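A short write-up of the structure that comes next.
We did not get these values from a lab; they are worked out from the coordinates using the rules stated. The shown structure was predicted, so the numbers you read here are calculated from the model rather than taken from an experiment. Glycine also receives a Cβ, built like all others from the backbone with ideal geometry; neighbour counts cover every protein chain displayed.
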Amino acid sequence: MPERPYTYYDFTLSLCPQCLRRIDAKIVFENNHVFMLKNCPEHGFSKVLIATDVEYYKNIRNYNKPSEIPLKFNTTTHYGCPYDCGLCADHEQHSCLTVVEITDRCNLTCPTCYAMSSPHYGRHRTVEEVEKMLDIIVANEGQPDVVQISGGEPTIHPDFFAILDIAKQKPIKHLMVNTNGIRIAKDKAFAERLAAYMPDFEVYLQFDSFKPEALQTLRGKDLTDIRLQALEHLNELNLSTTLVVTLQKGLNDDEIGKIIEFAVQQRCVRGVTFQPVQIAGRLEHFNPATDRITLTDVRQKILGQTSIFQANDIIPVPCNPDALAMGYALKLGGQIFPMTRYIDPAHLLNNSRNTIVYEQDEQLHQHMLKIFSTGISVDRVESNFKELLCCLPQIHAPGLSYDNLFRIIIMRFIDAWDFDVRAIKKSCVHIVSKDGRMIPFETMNLLYRDEKEAHAKQLQKEREAVLL
Ligand code: SF4
């Protein structure tokens, strides 16, 4: 009998990348790659690469854990996912990380910007508006795990520190500032003022490349010196920092290993987050047919470009396993000791919050003994890792502090090309909108941001007509 060129694996709902109407989609395997096949009645057929590793893709489902939901939902489920975001009652994960955009404006005009920011775009939110947004997060979450003050570029907001003061008074477990680093690099006193918000405070620093030409393409400017100057200030202050790398195929994906190895040597750096470009907003110099990079692609490059992590060290994050992968390690004396390999996915089915307790795990215990036998003394007794970030494993490691943490995160925000309704319901990075909804990062940039909302309303109208 004739055969298809692929193995059929699954069925889901996706979006047409052009009109954003919801359409049927098949997931198929072909040549150890995973593709999504879909057909829009108006815009035709598309075949989209969604993973470069069939085994990893299949294994994602083993990392699902019971969904944690927010204390309240802000919208009802009516039009069908993803046209009800708010979060609607059908969503399957609370806000592990919530983004508060305190300004639309930025001191850069990056050719790659999902928020379309620039020095003159939109406006700053007032302090009252920001406080209202923070209160909405608290109402939804009780004690939000991570809140990220973002923009635009938040450090140019005239009331930036007043906003941080207010945020610090809220019951937020971990506060972050998402920045391009220009202000931190140019103004040491500004960095010192930031450091006063420690502990439970972190800088989420853009750090895309060491190559001037790649920075020019992504940021419209060679920011090499700015990035290094910012890091110098942050290192001096030991201000907890995550390096954030926006990844574009063929541009900076050859630097993944180099960036990790550099990050390990930085006193202030607690990890690196790799974010493949999401096709949304302003996206110049980008061809969706050739420039998209998948989560598994990034994972393979991490494993290929550095020997720090092995395959079982970079695993799906249980909150949102389609979009997030993590490698979690201890940093002791400039050396890295991977920990994620000790997570047993079998535990996840019953435990919503996975815990590694090294004293009770023989294998891990031996690993820790090996670490301590290196002669590195661990004499700081600060807060331990337990309860640090909800979507990451909780490690009970007395005597170690946040300074001893090093994590790799791959955060692949799906876009209209690889959109999967099954996966989006587990989205756990949300943006609090100007009108008080909590919207998944992915759908915000596709459907709900600024002028896009008019199109979303049109799609809702069409859905209403079908539902009647
Ligand atoms: S993505 Fe979540 S919040 Fe949005 S419509 Fe779907 S289930 Fe509802």
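Values as computed for the structure displayed
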quantity	calculated
Sorted by Cβ density within 10 Å, fewest first, the residues Glu131, Glu153	Glu131, Glu153
Long pairs among Lys26/Lys72; Lys58/Lys301; Lys58/Lys425; Lys47/Lys452, criterion Cα-Cα beyond 23 Å	Lys26/Lys72; Lys47/Lys452
Counted charge near Lys258, where neighbours are those whose Cβ lies closer than 13 Å (Asp, Glu -1; Lys, Arg +1)	-3
Spatially proximal lysines relative to Lys188 (Cα-Cα < 29 Å; intrachain offsets below 8 disregarded)	Lys168, Lys170, Lys173, Lys211, Lys221, Lys258, Lys331
Coordinate range along principal axes, alpha carbons of segment 49-114, Å, largest first	43, 35, 23
Within the chain, percent of DSSP bridges classed antiparallel, to nearest 5	50 percent
Residue order, fewest to most beta carbons within 10 Å, for Lys249, Lys457	Lys457, Lys249
Coordinate range along principal axes, alpha carbons of segment 187-226, Å, largest first	35, 20, 14
Three principal axis lengths of the chain [C-alpha, angstrom, descending]	66, 58, 46
Order of Leu467, Leu228 - criterion: other Cβ atoms within 10 Å of each residue's Cβ, fewest first	Leu467, Leu228
From the C-alpha gyration tensor of segment 73-211, square roots of 5λ in Å	27, 19, 14
Relative contact order for segment 116-243, counting Cα pairs under 8 Å that sit 6 or more residues apart, in percent	22 percent
